[in-house]
Amino acid sequence: MNLKWVLYRCSSKTKILLRTIHLAFLPPNLKETIELKNEFGYVSIAFDWVKDIIFNGFVGERNWPYNSGIDSGKKEFDLDRRVISPNLSSCHDSYAVPGEMMVNCCPPKPESEEHVIDFELPPPSPLRVRRPAHLVDDEYIAKYKKAVAIMRSLPYTDPRNWMRQANMHCLYCTGSYNQKYSNSIEVDIHKTWYFFPWHRMMIYFHEKILGSLIGDENFALPFWQWDAPDGMSIPSMYMEGSLVDKERNPSHLSAQSIGDLNYDLTEKNLSREELISSNLAFMYNQMVSGATTSELFMGCPYKVGEAGECLGRGTIEAAPHNTMHSWVGKQSNRYNENMGVFYSAARDPTFYAHHANIDRLWEVWRERSNYKKDIVDPDWLNAYFYFHNEKSQLVRVKIHQILNMTDMGYRYEKVDLPWLNAKPKPSISPKIARNKLKMNMKNFSTRADQKLNNVLQLVTDKSSCFEPKGRTLDTNVKVRVYRPRKDRSKEEIEGEEEVLVVYGIDVKKDMYVKFDVYINLVLGGSERDSDINVGPESREFAGTYVNLRHGVKKIMNEGDTMMKTKRKTNFKLGISELLKDLEADKDDTILVTLVPRNGSGVNTTVDGIRIDYMPRYTQ
């Protein structure tokens with residue numbers, strides 16, 4: 001029966017429509033909201049959104065605007081041209097490290113020549129349970145080692161082979177694929193809102209393949225619970241048999257070595273208890289106070305075409321994701337392989353436990369907001385990627401299909417969230433700090449004083465940039481930033497987050513870069529600016545920017561000219577709760593301090609800093 005005809009017949013009867021149209025692509029909270037409100041005879045906002053997509057989007061009666069970087073050549077709406085997807089025939093060499101190291105992650109046979117099937121959710125069955133890696137038993141470890149050993153033994157022509165699995169990550173993180181309707185724009189799943197869903201897809205198919213290799217359909221990957229004290233070391237199972245990777249930092253392999261979630265390539269002089277405390281406070285910032293909006297947690301909205309490009313990580317991707325990659329990688333290797341650089345990261349079995357934990361934290365974040373911050377943009381929901389399943393079939397899977405873990409057949413073992421009770425405290429009394437800051441700013445009234453003390457006055461909304469070439473982060477930078485809307489109403493404060501934006505970050509070379517951001521930081525009398533070691537356990541710490549070696553290269557069609565990607569990044573930090581805790585929420589300006597770590601800022605410039613505001617909820 002013609003779908004358009006069915007929708008037309010049902011359009012006048014909301015209840016019939018709701019009960020007859022399959023809504024499996026919706027996030028679970030939307031499905032529940034629609035079903036519940038339908039029982040009471042009225043239509044929710046969520047349903048209006050769904051109806052709009054169904055009637056005006058999928059059916060094709062509405063011409064949605066889309067980025068000018070893609071020219072459809074059609075007047076009618078073309079959904080496929082609106083969404084991110086890879087051009088499977090475009091796989092090419094890419095730079096693992098631009099200008100230094102080329103890699104080829106492409107499969108031996110072009111995937112464009114394979115038959116493609118669409119992803120279907122598995123039939124209802126007992127859920128596979130992903131457990132903390134440090135708590136699994138010997139029987140499980142033996143099964144896991146056997147599955148990985150078999151996977152390693154498969155020929156490279158088999159898409160289930162270990163290196164082929166690892167190279168899936170390489171394909172999508174070094175720019176090996178162009179966007180489907182572009183000759184020059186790569187698909188990028190890092191630093192954007194595709195980070196969480198793409199990795200969920202990857203480890204889902206990896207898990208299913210492992211289970212099939214040992215004939216255990218209930219096999220589930222473990223998760224590395226580095227956000228809880230007992231799980232912060234590399235789990236011992238990864239020191240055995242096929243789970244070993246020789247390219248790890250030897251200093252971090254012992255059970256006594258605690259993972260540093262705010263790692264900056266140097267070892268901190270902290271006791272075990274101090275590092276655990278710092279980690280938990282850091283998690284509070286990344287999961288709670290700094291992650292109050294969809295974009296702050298998920299990353300920037302990356303769309304098709306040049307006009308849709310963006311680079312902006314969410315809180316968890318910046319750290320602990322990037323920092324723990326660096327912590328595991330072998331520093332004596334030129335590029336910190338394996339885990340410390342994207343092209344080789346998935347060669348280490350810890351990669352999958354690391355990303356299983358990140359996948360779990362995504363679900364924790366969604367649940368804590370009652371799914372009211374889920375992305376509802378059709379361009380995101382309908383974006384699709386390709387993976388091989390346990391039968392070696394090439395599968396096309398869309399984001400809206402993987403938003404419900406239960407439907408996908410797995411869940412995470414319930415564990416405590418100790419970071420929920422680890423809210424940082426100000427390092428000194430906010431009242432004392434604010435008085436001292438006011439006094440200091442009076443002393444920086446002239447340009448000479450500002451230059452001597454490395455303080456830049458950006459006190460108006462018209463002068464919030466480092467003119468004219470940006471500011472190099474070769475030393476700490478202090479910036480006085482104007483707050484344009486300090487007197488917001490109660491409703492505005494509850495409905496939107498105040499966001500600090502460090503914009504136009506330009507990493508001149510593809511290299512590791514890390515800098516920490518502080519607000520209203522006041523040092524003690526004996527401390528110098530060059531010795532700022534205040535950590536996440538202090539409320540003045542707002543967040544950290546971390547850039548791993550990325551390796552992205554744009555390429556035209558065969559015979560055309562290669563073009564090197566050069567894009568700047570924005571770094572956004574939610575600061576509403578922080579300002580309130582520092583008693584600075586009514587101040588006209590705040591003092592922002594950027595602290596580059598381990599000398600990594602010498603090849604990095606920043607265009608400026610400003611305050612923006614974001615809605616907290618998408619629904």
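In the range 245-257, the residues that are under 24 Å from residue 162 (Cα atoms) form Cβ pairs under 8 Å with partners that are hydroxyl-bearing (Ser, Thr, Tyr) and assigned to a helix (DSSP H, G or I), at six or more places apart or across chains, as follows: 245/238; 245/350; 247/344; 248/350. Within the range 211-236, residues that are at negative phi reach partners that are among the acidic types (Asp, Glu) and surrounded by fewer than 18 Cβ atoms within 10 Å (Cβ to Cβ) with beta carbons closer than 9 Å, at six or more positions or on different chains, in the pairs 211/217; 211/390; 212/390; 213/390; 223/413; 228/416.
Here residue 500 meets the list (1) at pLDDT 95 or above; (2) crowded, with 19+ Cβ neighbours inside 10 Å; (3) part of a loop (DSSP other than H, G, I, E, B) almost entirely, failing just condition (3). Taking the range 335-349 as the range and being among the charged types (D, E, K, R) and open to solvent by 10 Å² or more (accessible area, probe 1.4 Å) as the test, the residues that pass are 337, 347. Checking the stated criteria, residue 313 turns out not to satisfy the condition of being basic (Lys, Arg), open to solvent by 10 Å² or more (accessible area, probe 1.4 Å) and farther than 13 Å from residue 195 by Cα. Within the range 395-405, is even one residue within 21 Å of the chain's Cα centre (by Cα), open to solvent by 20 Å² or more (accessible area, probe 1.4 Å) and over 30 Å from residue 158 (Cα atoms)? Looking through the range 395-405, none of the residues is within 21 Å of the chain's Cα centre (by Cα), open to solvent by 20 Å² or more (accessible area, probe 1.4 Å) and over 30 Å from residue 158 (Cα atoms). Among residues that are open to solvent by 10 Å² or more (accessible area, probe 1.4 Å) and modelled with pLDDT of 95 or more, residue 268 is not included.
Touching a strand residue (DSSP E or B) at 6+ places or on another chain (Cβ under 9 Å) and modelled with pLDDT under 90 - does that describe any residue in the range 428-440? For the range 428-440, residues touching a strand residue (DSSP E or B) at 6+ places or on another chain (Cβ under 9 Å) and modelled with pLDDT under 90: present.
Kindly check whether there is at least one residue in the range 174-183 that is open to solvent by 40 Å² or more (accessible area, probe 1.4 Å) and farther than 30 Å from residue 307 by Cβ.
From the range 174-183, those open to solvent by 40 Å² or more (accessible area, probe 1.4 Å) are 180-181, 183; that's our starting set.
Remaining after also requiring farther than 30 Å from residue 307 by Cβ: none.
No, because not a single residue in the range 174-183 is open to solvent by 40 Å² or more (accessible area, probe 1.4 Å) and farther than 30 Å from residue 307 by Cβ.
Of the candidates 386, 352, the single residue that is surrounded by 19 or more Cβ atoms within 10 Å (Cβ to Cβ), among the hydroxyl-bearing types (Ser, Thr, Tyr), part of a helix (DSSP H, G or I) and modelled with pLDDT of 95 or more is 352. With respect to being at pLDDT 95 or above and buried (at least 24 other Cβ atoms within 10 Å of the Cβ), residue 197 fits the description. Taking the listed residues 332, 242, 254, 233, the one that is under 30 Å from residue 153 (Cα atoms), open to solvent by 10 Å² or more (accessible area, probe 1.4 Å) and in contact with a helix residue (DSSP H, G or I) (Cβ under 7 Å, 6 or more places away or on another chain) is 242, with no other qualifying.
From the list 257, 277, which residue is over 21 Å from the mean Cα position of the chain (by Cα), in a helix (DSSP H, G or I) and of a type in the set (Ser, Thr, Tyr)? Let's see the steps before the verdict.
Details: 257 fails: in a helix (DSSP H, G or I).
So the residue among 257, 277 that is over 21 Å from the mean Cα position of the chain (by Cα), in a helix (DSSP H, G or I) and of a type in the set (Ser, Thr, Tyr) is 277.
Taking the criterion of being in contact with a Phe, Trp or Tyr (Cβ under 6 Å, 6 or more places away or on another chain) and outside any helix (DSSP H, G or I), the only residue of the range 320-348 that qualifies is 341. Here residue 270 clears all of (1) among the hydrophobic types (A, V, I, L, M, F, W, C); (2) under 21 Å from residue 135 (Cβ atoms); (3) out of contact with any Pro (no Cβ under 9 Å at 6 or more places or on another chain) except the condition numbered (2). Which one of these is of a type in the set (Phe, Trp, Tyr) and either in contact with a Leu (Cβ under 9 Å, 6 or more places away or on another chain) or closer than 30 Å to residue 414 by Cβ (or both): 140, 172, 156? Just one listed residue meets the conditions, 140. Could you list, in sequence order, all residues of the range 289-300 that are touching a helix residue (DSSP H, G or I) at 6+ places or on another chain (Cβ under 7 Å) and either part of a helix (DSSP H, G or I) or within 20 Å of residue 381 (Cβ to Cβ) (or both)? Passing the criteria: 289, 296, 297, 298, 299.
Go through 202, 232 for me and flag whichever is at pLDDT 95 or above and more than 19 Å from residue 417 (Cβ to Cβ). Lay out the reasoning, then the answer.
Values: 232 fails: more than 19 Å from residue 417 (Cβ to Cβ).
Of 202, 232, the one residue that is at pLDDT 95 or above and more than 19 Å from residue 417 (Cβ to Cβ) is 202.
The values are calculated or read from the model by the stated rules, or taken from the named source; none is laboratory data. Not measured: the values here are computed from a predicted model. Note: ideal-geometry Cβ built from the backbone for every residue, glycine included; neighbour counts use all protein chains shown. The accessibility values were calculated without ligands, DNA or RNA, using every heavy atom of the protein model including side chains. Shrake-Rupley method; radii C 1.70, N 1.55, O 1.52, S 1.80 Å.
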